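Visitor: Before we start, here is the structure in question, set down as structure tokens.
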Amino acid sequence: MNELKQDTVSSKEKLIPLYKQMWLIRYFEEKVDEFFAKGMIHGTTHLAVGQEATAVGSCAVLNEDDMITSTHRGHGHCIAKGAEVNRMMAELFGRTTGYCKGKGGSMHIADVSKGNLGANGIVGGGFSIATGAALTSKMKNQGKVVLCYFGDGASNEGSFHEAVNLASIWKLPVIFFCENNQYGMSGPVKEMVNIENIAQRAEAYGIPGHVVEGNDVFDVMSIVQEAVDFARNGGGPTIIEAKTYRWKGHSKSDAKKYRTREEEKEWREKDPIARYKEQLIAKGFFTEEEAEALRKEAKQEIEDSVEFAKNSPEPGLETLMEDIYA
């Protein structure tokens with residue numbers, strides 16, 4: 001585990017809330033999974049249970065006005081960047097109190113006020129948005145950094161190479177953060193990429209590349225902090241690859257027949273939430289009882305968000321043509 005710099009998120013007061021945040025993500029995802037199975041939520045969804053450390057660890061070292069672009073598996077990113085779980089749950093229930101007034105669903109949650117430029121249903125769709133936002137920050141001398149989430153599968157999209165190339169030439173303040181959860185849909189990454197680490201691709205563009213333990217909050221925070229400092233000081237982009245694992249299938253219709261139960265068991269034993277709790281207890285930051293209290297608080301917040309969503313109004317037909325453009 002890398003030691004964090006003194007000037008980054010290293011205090012007890014800042015580290016403890018991250019534990020609750022991880023549980024918020026876990027319980028939100030599990031509720032969504034339950035409601036899709038019951039037919040209470042429609043459309044589709046892509047869950048990131050087991051990947052909580054990548055979202056929480058990376059967002060923890062960003063400033064409030066720094067920006068992110070998310071993916072189709074973006075609930076955790078949204079929560080980690082400060083989204084309200086009430087509005088997120090309402091969006092998935094198709095209610096007017098949701099982030100997109102119930103019209104966007106799981107893959108289109110955005111909150112520009114928190115620097116969240118949005119989840120994206122297009123694989124690789126966030127690369128150009130993030131690079132454009134970073135160009136704006138540089139041209140206007142805003143001092144903002146953009147963190148662009150993408151999956152291992154998206155690293156083979158043309159937009160990835162175009163964005164990284166341009167960002168490297170212009171030294172844009174953008175971090176390309178790969179959540180390598182070992183599978184692009186049903187294809188194992190080792191059959192899709194002919195290198196050991198996706199971060200090795202940074203060398204071709206003359207920028208830093210790092211591989212981190214994606215289930216370790218501290219490791220993620222440490223390397224992302226280094227990349228943020230590098231970008232904010234004019235150094236340009238970095239590629240970070242976080243090795244992690246999604247416990248659920250690619251989407252709600254995925255039976256996961258392409259991987260073994262033994263593999264799943266091995267990764268579940270690397271639960272990032274359990275690891276983070278052990279680390280904080282070892283540091284003397286909280287007790288087992290205090291950790292349990294935070295878990296219960298998070299669970300109650302998600303239960304409350306469900307009630308908020310259920311009691312929110314559905315959009316009427318008169319709103320069909322609102323908030324759209326052609």
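Visitor: For the range 161-185, how many residues are modelled with pLDDT of 95 or more, touching a strand residue (DSSP E or B) at 6+ places or on another chain (Cβ under 7 Å) and over 16 Å from residue 210 (Cα atoms)?
Guide: Residues meeting the conditions: 2.
Visitor: Inspect the range 96-104 for any residue being of a type in the set (Phe, Trp, Tyr), within 24 Å of residue 18 (Cβ to Cβ) and touching a residue at least 12 places away in the same chain (Cβ under 8 Å) and give the result as yes or no.
Guide: Checked against the condition, which is being of a type in the set (Phe, Trp, Tyr), within 24 Å of residue 18 (Cβ to Cβ) and touching a residue at least 12 places away in the same chain (Cβ under 8 Å), the range 96-104 yields at least one hit.
Visitor: How many of the residues in the range 98-108 are modelled with pLDDT under 95 and in a loop (DSSP other than H, G, I, E, B)?
Guide: Residues in the range 98-108 being modelled with pLDDT under 95 and in a loop (DSSP other than H, G, I, E, B): 6 in total.
Visitor: Another one. Identify all residues within the range 196-214 that are aliphatic (A, V, I, L, M), outside any strand (DSSP E or B) and within 23 Å of the chain's Cα centre (by Cα); write none if there are none.
Guide: 198, 199, 202, 207
Visitor: Select from the range 34-46 the residues that are open to solvent by 10 Å² or more (accessible area, probe 1.4 Å) and part of a loop (DSSP other than H, G, I, E, B) and list them in ascending order.
Guide: Passing the criteria: 38, 39, 40, 42, 43, 44, 46.
Visitor: Just one of the numbered conditions (1) closer than 20 Å to residue 52 by Cβ; (2) assigned to a loop (DSSP other than H, G, I, E, B); (3) open to solvent by 10 Å² or more (accessible area, probe 1.4 Å) is not true of residue 222; which one?
Guide: Only one criterion is unmet by residue 222, namely (2).
Visitor: Any residue in the range 24-42 that's farther than 20 Å from residue 53 by Cβ: show its pairings with residues that are open to solvent by less than 20 Å² (accessible area, probe 1.4 Å) and of a type outside the set (Val, Ile, Thr) at Cβ separation under 6 Å, as long as the two are six or more apart or on different chains.
Guide: 41/35; 41/92
Visitor: Let me ask another. Six or more apart or on different chains, Cβ atoms under 7 Å: show the pairs whose first residue is in the range 290-303 and of a type in the set (Val, Ile, Thr) and whose second is at pLDDT 95 or above.
Guide: Listed by first residue and then by second, the contacts come to 302/24; 302/27; 302/28; 302/31; 302/85.
Visitor: Follow-up question, since we're still on this one. Among what's in the range 246-274 and is surrounded by 16 or more Cβ atoms within 10 Å (Cβ to Cβ) and modelled with pLDDT of 95 or more, pick the residue that is farthest from the chain's Cα centre (by Cα).
Guide: Of everything passing the filter in the range 246-274, 270 is farthest from the chain's Cα centre (by Cα).
Visitor: Which one is nearest to the chain's Cα centre (by Cα) among residues in the range 136-195 that are among the hydroxyl-bearing types (Ser, Thr, Tyr) and open to solvent by 50 Å² or more (accessible area, probe 1.4 Å)?
Guide: If we take residues in the range 136-195 being among the hydroxyl-bearing types (Ser, Thr, Tyr) and open to solvent by 50 Å² or more (accessible area, probe 1.4 Å), then 186 is nearest to the chain's Cα centre (by Cα).
Visitor: Follow-up question, since we're still on this one. Can you pull out every residue in the range 93-123 that is of a type in the set (A, V, I, L, M) and open to solvent by 10 Å² or more (accessible area, probe 1.4 Å)?
Guide: Across the range 93-123, the qualifying residues are 107, 110, 112, 117, 119, 122, 123.
Visitor: Anything in the range 200-215 that is open to solvent by 10 Å² or more (accessible area, probe 1.4 Å) and touching a Pro at 6+ places or on another chain (Cβ under 9 Å)? List them, or say none.
Guide: Within the range 200-215, 205, 207, 208 meet the criteria.
Visitor: Can you name the residue in the range 275-293 that is over 21 Å from residue 221 (Cα atoms) and either of a type in the set (D, E, K, R) or under 24 Å from the mean Cα position of the chain (by Cα) (or both) and, of all such residues, is least open to solvent (accessible area, probe 1.4 Å)?
Guide: 292
The values are calculated or read from the model by the stated rules, or taken from the named source; none is laboratory data. The structure displayed is predicted, hence computed values, not measured ones. Cβ: placed from backbone, ideal geometry, glycine included. Neighbour counts: every protein chain shown. For the accessible areas, the whole protein counts, side chains as well, though only heavy atoms, and no ligand, DNA or RNA atoms are used. Shrake-Rupley method; radii C 1.70, N 1.55, O 1.52, S 1.80 Å.
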